[in-house]
Protein chains: 2
Amino acid sequence: MPDPKRPHSSVASNFQADADRLFVRSAARAIHVLSAFHDADGPLSLTDIAAKAEIDRSAAQRLVHTLMSLGHIRRSADDRGYLPGLRLLDHTHDTLRLDPVVQVATPVILEMRKSLSERIDFSLYDETRVIYALRMQSKRETFYATLVGHSVPTFCTAGGRATLSALPVAEAREIIDRFPLHQYTSQTNIDPDSIMERLEKARRDGFALVENEFVMGEVAVGVPILNRQGRPLGAIHIAGSLSEWSVEDFSRSTAPIAQEAARAINASF
Amino acid sequence: MPDPKRPHSSVASNFQADADRLFVRSAARAIHVLSAFHDADGPLSLTDIAAKAEIDRSAAQRLVHTLMSLGHIRRSADDRGYLPGLRLLDHTHDTLRLDPVVQVATPVILEMRKSLSERIDFSLYDETRVIYALRMQSKRETFYATLVGHSVPTFCTAGGRATLSALPVAEAREIIDRFPLHQYTSQTNIDPDSIMERLEKARRDGFALVENEFVMGEVAVGVPILNRQGRPLGAIHIAGSLSEWSVEDFSRSTAPIAQEAARAINASF
DNA sequence: TACAGCTGTATCGCCAAGCAATACATTTAG
DNA sequence: CTAAATGTATTGCTTGGCGATACAGCTGTA
């Protein structure tokens, strides 16, 4: 019986189909609290967290209290608001070191560095995006180009296109249609049909080539990592500056190296 | 009234002082489930997770179910056991990008790379350990030397000693006494008094120098990052191979660069 | 081929853990 | 000086989480 005295009970019960007897709401809420920082650009107050996690201030208080006692949230240095806690980085380490693809990709990528001075990244496939797992910087990079965990859209990046090109056409199309095709630069290709053509080309070439579509002035080559069934697990990508390279020179001198590395990794899956 | 029918209720109620009315047990248990992977060396079964998180199989089932639906746990590729999920890397990204020290350290470290070809790391201070947050590889590295989130003891590493040297003596001593001083190599210094002397030297020199104590054949220089109150927030460290460098040459050519970088960062706090 | 011991999955009734509401002392913003 | 934030603390109600238990599907082994 719905109780009119409880104004919140009518409202969405924090995601998840109601009749999931195994779903632990408090656990999910704790994660939502941590995820509140996904669209933050600085410390969050309890009220901010409550709003972003879609819970009331009481719940936020309890959850933040709990997470803080576990080191997964901390107070900001100036004692205004909360920030993600350092213990979260322990999970990072687990995620990376236990990932079979990262395990075999690491030494291969490390080896690549010897023959290449451009930025080399390895990222993991997550449908509409790829997530940076290993990063090897070149000389000048930006802040975000150095952080692990950064994710970028599949539809307009070299690593993303590489993974999409390994999917059945229908599936790639579904992902492109699902994701909001934001115009990141003036040259971002946001036409689904045209993107599909680029995927077809990438499939033929064995690598994806993207210029100016996500970051202006950047050219990148991406090669997918596949399991035995041919499904994409991640991608190796190499990024260079258009002020130093012509597109042709860049792809000619980097694509074969990336492809060879990918072959070495694919052999394990 | 204690109920003898509930065998688990007598036992430690999943950490945390009982009379903490704000503590949300299910939330903490969810975190414990994720932390179960800290001492795993491969996929874990439900039973494994239950054991490591110190909960029963039912709780593990529910929590894993919940975390899996949120992408924080996934099935392993061969469908045997569970692994940390990719969504955890989103929290990594938040932790790093929202950390004020990482924000200002990143460009400085990037800049350092131009004048140095050795491995440069930036790590965050967490009392008995420092956690790698930014990593710039040199040529040959090992698997663990490339992963973000990896943590190493403060007592026997360059970054760790650097941070300890910035603490009041009593506090540094307390941390050293608290942490189990494991003999990582034949040359690891596990004598508290002797370590304290090394800290004193690091304080005078303005940098910590460690050779062969954590990884054989490695020499490293560490410099602390401090806030306005002089408390350590993290450290910059540079590691080199003893097969290429004498200890003196290494410290002479790297320490000043690290110190200058640290000064640039410290100015912001 | 049966069996023992694993997996992961599913169900259920009980009750205390988690809940929302509320109050409040401080600090910040206007 | 007020108004609206901040974080903190308490309480009584009730539903969400709990542990126990059962089971189907593998895997290896005797």
So A:TYR184 clears everything in (1) more than 11 Å from chain B (Cβ to nearest Cβ); (2) not in a loop (DSSP other than H, G, I, E, B) except one condition, right? Which one?
(2)
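Take the residues in region B:78-101 that are within 14 Å of DNA strand D (Cβ to nearest atom) and open to solvent by 20 Å² or more (accessible area, probe 1.4 Å), then tell me which one is farthest from A:LEU233 (Cα to Cα).
Residues of region B:78-101 within 14 Å of DNA strand D (Cβ to nearest atom): B:78-81.
Still in the list and also open to solvent by 20 Å² or more (accessible area, probe 1.4 Å): B:78-80.
Working: B:ASP78: 13, B:ASP79: 15, B:ARG80: 18 Å.
This residue is B:ARG80.
If you go through region A:248-264 one residue at a time, do you hit one that is farther than 21 Å from A:SER115 by Cβ, away from chain B (no Cβ under 14 Å) and either open to solvent by 10 Å² or more (accessible area, probe 1.4 Å) or not in a strand (DSSP E or B) (or both)?
Going through region A:248-264, the residues farther than 21 Å from A:SER115 by Cβ turn out to be none.
Checked against the condition, which is being farther than 21 Å from A:SER115 by Cβ, away from chain B (no Cβ under 14 Å) and either open to solvent by 10 Å² or more (accessible area, probe 1.4 Å) or not in a strand (DSSP E or B) (or both), region A:248-264 yields no hits at all.
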When you look at A:VAL104, is it open to solvent by less than 70 Å² (accessible area, probe 1.4 Å) and farther than 27 Å from B:GLU141 by Cβ, yes or no?
no
State whether the residues of region B:180-187 include one that is closer than 27 Å to A:LEU98 by Cα, of a type in the set (S, T, N, Q) and over 16 Å from the mean Cα position of the chain (by Cα).
yes
Do we have B:LEU110 as among the hydrophobic types (A, V, I, L, M, F, W, C), more than 28 Å from A:SER35 (Cβ to Cβ), within 9 Å of chain A (Cβ to nearest Cβ) and surrounded by 17 or more Cβ atoms within 10 Å (Cβ to Cβ) here?
yes
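Taking the condition within 12 Å of chain B (Cβ to nearest Cβ), within 19 Å of A:GLY222 (Cβ to Cβ), in contact (Cβ under 8 Å) with a residue 60 or more places away in the chain and surrounded by fewer than 16 Cβ atoms within 10 Å (Cβ to Cβ), does A:SER123 pass? Lay out the reasoning, then the answer.
Details: within 12 Å of chain B (Cβ to nearest Cβ): yes; within 19 Å of A:GLY222 (Cβ to Cβ): yes; in contact (Cβ under 8 Å) with a residue 60 or more places away in the chain: yes; surrounded by fewer than 16 Cβ atoms within 10 Å (Cβ to Cβ): no.
Here the answer is no, as A:SER123 does not meet what is asked.
Conditions tested, residue by residue: (1) under 26 Å from B:ARG119 (Cα atoms); (2) open to solvent by 60 Å² or more (accessible area, probe 1.4 Å); (3) of a type in the set (Gly, Ala, Ser).
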residue: B:ARG173; (1), (2), (3): no, yes, no
residue: B:ARG178; (1), (2), (3): no, yes, no
residue: B:HIS182; (1), (2), (3): yes, yes, no
residue: B:ALA202; (1), (2), (3): yes, no, yes
residue: B:VAL210; (1), (2), (3): yes, no, no
residue: B:LEU226; (1), (2), (3): yes, no, no
residue: B:GLY230; (1), (2), (3): no, no, yes
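The values are calculated or read from the model by the stated rules, or taken from the named source; none is laboratory data. Everything numeric in this text was worked out from a predicted model, so none of it was measured. Here the Cβ is made from the backbone with ideal geometry for all residues, glycine too, and neighbour counts use every protein chain on show. Heavy atoms of the whole protein, side chains included, go into the accessibility calculation; ligands, DNA and RNA do not. Shrake-Rupley method; radii C 1.70, N 1.55, O 1.52, S 1.80 Å.
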